[in-house]
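Please read the structure below before turning to the comments.
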Amino acid sequence: MPCPSGKLNFERESKLKKKTQKTKPTLDLGVTIGKLKMVNPVMVASGCFGYGEEISKFYPLKQLGAIVVKGTTLEPRQGNSPTRMAETPAGMLNSIGLQNVGVDELLKTKMPFLRKAGVPVVVNINGKVLEEYVELAKRLDGQTGIGALEINISCPNVKEGGIEFGSSPEAAARVVSAIRKATKHTLITKLSPNVTDVKTIARACVDAGSDALSAINTVVGMAIDAKARKPILKSITGGLSGPAVKPIGLRVVYQVRQVVKVPIIGMGGIVTGEDAVEYLLAGATAVAVGTANYLEPNAALKVVEGLRKYMADNGVRKVSDLVGALRIF
Amino acid sequence: MAPSVQSYEALVLENHPVGNYHRLLFQDNGALSKALPGQFINIRVFEGVVPLLRRPFSIARLLPGPKGKHRVEVLYASLRQGTQLLTDKRPGNTIGVLGPLGHPFPHMDKKHPALIVSGGIGVAPMVFLSEYLKKKGVPQEVFLGARTADDLVDLEVFKRLKVPIHITTDDGSKGRHGFVTQELEAYLEAGKAKPGTVIYACGPRPMFRAVSQVGDEFKIPTYLSWEEHMACGLGICLTCVCPVKQESGQTKMVRSCYEGPVFEASTIDWERI
Ligand SMILES: Cc1cc2nc3c(=O)[nH]c(=O)nc-3n(C[C@H](O)[C@H](O)[C@H](O)COP(=O)(O)OP(=O)(O)OC[C@H]3O[C@@H](n4cnc5c(N)ncnc54)[C@H](O)[C@@H]3O)c2cc1C
Ligand SMILES: Cc1cc2nc3c(=O)[nH]c(=O)nc-3n(C[C@H](O)[C@H](O)[C@H](O)COP(=O)(O)O)c2cc1C
Ligand code: FES
């Protein structure tokens, strides 16, 4: 018998819909890296989110896996002279030079806000010399709300420290083991792509006590204004980020995965959920969204949504099932 | 950044050349209702990743629109990739708008008669400022500088406001032959500035330096609508900084998208630019 009215049909359909929604398996996006427990694997990258205050006006920060705050030093720093940014094809160069409020101000004014926001914080630490890294680690030890420390041995935009420690396995190991002794926090060491052999450095960091690794920091580059015959950046060279560096980021994560067992946080050019999936497949346990936050305030949330959609569409229930699940032909 | 900053898709109503520049009119969703002169927006001209970043533009005018929501005018120069793509937008297309951003010009009250100085497309924020000051009954003199007559846009808006206008062009095709700062200097030398007078300026870097020197010479506070390359416009990247001298004597790098884009000229540390 034909249905007497379209209405009934519609009701039946919507009842059916409700039922299937109920039976849909819940997706498990949770990720743990050492003591850092995250509701999903999507973090925001250091220097690309400030201290969260500005973006908190667009969405609740606790929807993110974690926030990595701006590279922090013992004393406040003003950074490099402008111009500090040059747009390049599918990317941008920056030369901030670690401008930040310093560790005291971070603890005094930024951490209370972030604790209240209910999102785990990762503090990106930077020193000119080894002792400064150690002192920072000590100051941050025992502070609540901090899920991990990210040791930045890969900043291309400062004259001292930074990349000096990140370009040789011995120097990297020295910093990591000294920090290891100074804190109980989970340690993530951030790797530079600007090295000949990233695998050896990765292994040295893990052997020295790093609980996890993150990659990549920016790629050293340069932009020139042909008309003016001048470099665009005052500092002449800077760090490249954005979609242009995604192939480099994926390569580094894939190579590092071959030689270490600890979790890797993948980053470089992530804009969509699928970009994040690519990093997970290459071997990352979690990812970080950097430059994309500049394009759209809710960029990182879109990555979370995109990841969810990928999982739902492809029958992936646990996000960890994607980690390293790359099929090599 | 005011708490009311929004990111939204806006409908393009008009987009066409005016002289050597372009005029874009789009429909606001209400986010910019309370925007003030000096504030700006960051426009995503393209959904893809080349060009990657938004482009910052001053709010040139807020025009009454349907249901109390304004139509917003942007005046812009088509230069390279991003602004060229913007010229392709047709009525009915959309653009991504982020705003209102930054802080407005300071004062804007009757105690502070205004000398408005613009060079080239630097006129954009000044149209809004001039209309606003007129409404508030603040005395003003407008100094418009351009390379050539076709660079003078929205001139009829100033004329309709019946404010005193001084025009200079580099090639002498309209107004006085010379630089706008010379005209400003001549005005000040004639002792015409009333007590409390301030200068508001927007234009290319060399003009900023010249205006700052004039302001300094005549002891008139000078406010510049600063332009620096910016990645986010939101205050989260620290690319857009302007070196500002503090009372302590120290120079601080201050975000031009957030604490700016307006800075007092005498506080800028020109050595670090
Ligand atoms: C607060 C503010 C308000 C502005 N208001 C206006 C306006 O009302 N009308 C107008 O025509 N222009 C305005 N500008 C300048 C305008 O943003 C640039 O002309 C535009 O970004 C150039 O884009 P492009 O793709 O053509 O150039 P490209 O050189 O290809 O741009 C490359 C990168 O450099 C940046 N850039 C290039 N020139 C400038 C500049 N002068 N200032 C800041 N960033 C720049 C771009 O944003 C982009 O990130 C304003 C700039 C700022 C900072
Ligand atoms: C403007 C800017 C500032 C940055 N500051 C830092 C920093 O302070 N410490 C750090 O470890 N990485 C910093 N980075 C690097 C990012 O955290 C990230 O590793 C890199 O940008 C790659 O990711 P993306 O392509 O998603 O931006 C910065 C990047 C940008 C663009
Ligand atoms: S443009 Fe990002 S902080 Fe100003």
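The values are calculated or read from the model by the stated rules, or taken from the named source; none is laboratory data. A quick note: this is a predicted structure, and the numbers were derived from the prediction, not measured. A quick note on method: Cβ atoms are made from the backbone with ideal geometry, for glycine too, and the neighbour counts reach across all protein chains shown. Each accessible area value is taken on the protein alone, full model and side chains, heavy atoms only, with ligands, DNA and RNA left out. Shrake-Rupley method; radii C 1.70, N 1.55, O 1.52, S 1.80 Å.
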Cut-off of 10 Å, at most 11 other beta carbons, DSSP loop: longest stretch of chain B lacking such GluC sites (Glu not before Pro): B:48-246
Rounded tilt (10° steps) of A:246-259 against the dominant C-alpha axis of chain A: 80
Label-to-label distance, nm, for residues given as A:Lys230 and B:Lys134 (7 Å Cα→Cβ offset): 3.7
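Can you bin the range A:27-322 into rounded, prolate or oblate? Criterion: square roots of the alpha carbon gyration tensor eigenvalues sorted a ≥ b ≥ c, rounded for a/c under 1.5, prolate for a/b above b/c, oblate for the rest. Mind dumping the intermediate values first?
Values: a/c = 1.24, a/b = 1.10, b/c = 1.13.
Rounded is the answer for the range A:27-322, as its axis ratio a/c remains below 1.5.
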Span from the the range A:119-176 Cα centroid across to the the range B:197-263 one, whole angstrom: 34
Area buried, chain B against chain A - accessible surface, total, 1.4 angstrom probe, square angstrom: 2900
Cα centroid separation - the range B:118-150 against the range B:1-69, whole Å: 19
Simple label model, 7 Å out from Cα along Cβ direction - B:Gln250 to B:Ser266, nm: 2.3
Amide N of the range A:172-199 lying under 13 Å from the label point, which is placed 7 angstrom from the Cα of A:Gln258 along Cα→Cβ: A:197-199
Under 5 Å, built H, 5+ apart or other chain: amide partners of B:Lys174: B:Ala149, B:Thr169
Selection from A:Gly30, A:Gly127, B:Phe179 lying farthest towards where the dipole of the protein assembly as shown points positive, charges on Cβ: A:Gly30
Mean ellipticity per residue at 222 nm, deg cm²/dmol - from DSSP H runs of n ≥ 4 across chain A, formula -39500 (n - 2.57): -10000 deg cm²/dmol
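What's the magnitude of the charge dipole for the range B:6-101 around its Cα centre, counting Lys and Arg as +1 and Asp and Glu as -1 at the beta-carbon? Answer in Debye, nearest 20.
Values: 12 positive and 6 negative charges, 26 e Å.
Magnitude of the dipole: close to 120 debye.
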Counting DSSP beta bridges with both ends in chain A, the antiparallel % (nearest 5): 35
The range B:1-76, relative contact order [Cα under 8 Å, separation at least 6], %: 31
Only Lys, Arg (+1) and Asp, Glu (-1) charged, at Cβ; the protein assembly as shown dipole about Cα centre in debye: 1960
Percent antiparallel among DSSP beta bridges (both partners in the protein assembly as shown, rounded to 5): 55
Cα gyration tensor, the protein assembly as shown - rounded (a/c under 1.5), prolate or oblate: oblate
Violating pairs (Cα-Cα greater than 25 angstrom) within the set A:Lys70/A:Lys309; B:Lys67/B:Lys135; B:Lys110/B:Lys174; A:Lys70/A:Lys128: A:Lys70/A:Lys309; B:Lys110/B:Lys174
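For the range A:27-322, with only Lys/Arg (+1) and Asp/Glu (-1) charged at the beta-carbon, what is the dipole magnitude about the Cα centre, in debye rounded to 20?
Values: 35 positive and 26 negative charges, 43 e Å.
Taking the Cα centre of the range A:27-322 as origin, the dipole is about 200 debye.
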Sequence-distant aspartates and glutamates (8 or more away, or on other chains) whose Cα lies within less than 16 Å of A:Lys190: A:Glu150, A:Glu164, A:Glu170, A:Asp207, A:Asp211
Links that overshoot a 31 Å alpha carbon limit, given the list A:Lys37/A:Lys57; A:Lys110/B:Lys245; A:Lys110/B:Lys134; A:Lys227/B:Lys219; B:Lys136/B:Lys192; B:Lys69/B:Lys252: A:Lys110/B:Lys134; A:Lys227/B:Lys219; B:Lys69/B:Lys252
Chain lengthening between B:Arg90 and B:Lys111 when straightened (0.36 nm per residue, less Cα-Cα): 3.3 nm
Prolate/oblate/rounded call for the range A:112-183, Cα gyration tensor, a/c under 1.5 rounded: prolate
Residues of type lysines that A:Lys181 reaches as a straight line, Cα spacing below 17 Å, ignoring anything fewer than 8 places off in the same chain: A:Lys35, A:Lys138
Residue-wise HN-Hα coupling along the range A:74-90, computed from phi with Karplus coefficients 6.51, -1.76, 1.60 (Hz; x: Gly, Pro): 4, 9, x, 10, 8, x, 7, 6, x, 6, 10, 9, 9, 7, 10, x, 6
Computed helical MRE - 222 nm, chain B, DSSP H runs ≥ 4 contributing -39500 (n - 2.57), nearest 500: -5500 deg cm²/dmol
DSSP-assigned coil residues among trypsin sites (Lys or Arg not before Pro) in the range B:10-51, each with at most 13 further Cβ atoms within 10 Å: B:Lys34
Trypsin sites (Lys or Arg not before Pro) restricted to the range A:255-329 and DSSP loop, no more than 16 other C-beta within 10 Å: A:Lys261, A:Arg317, A:Arg327
Accessible area of A:Asp313 in the full protein assembly, 1.4 Å probe (Å², nearest 10): 100
Between the range A:180-207 and the range A:235-271, the alpha-carbon center distance in angstrom: 14
Within-13-Å neighbourhood charge of B:Arg176 [Cβ basis; K, R +1; D, E -1]: -3
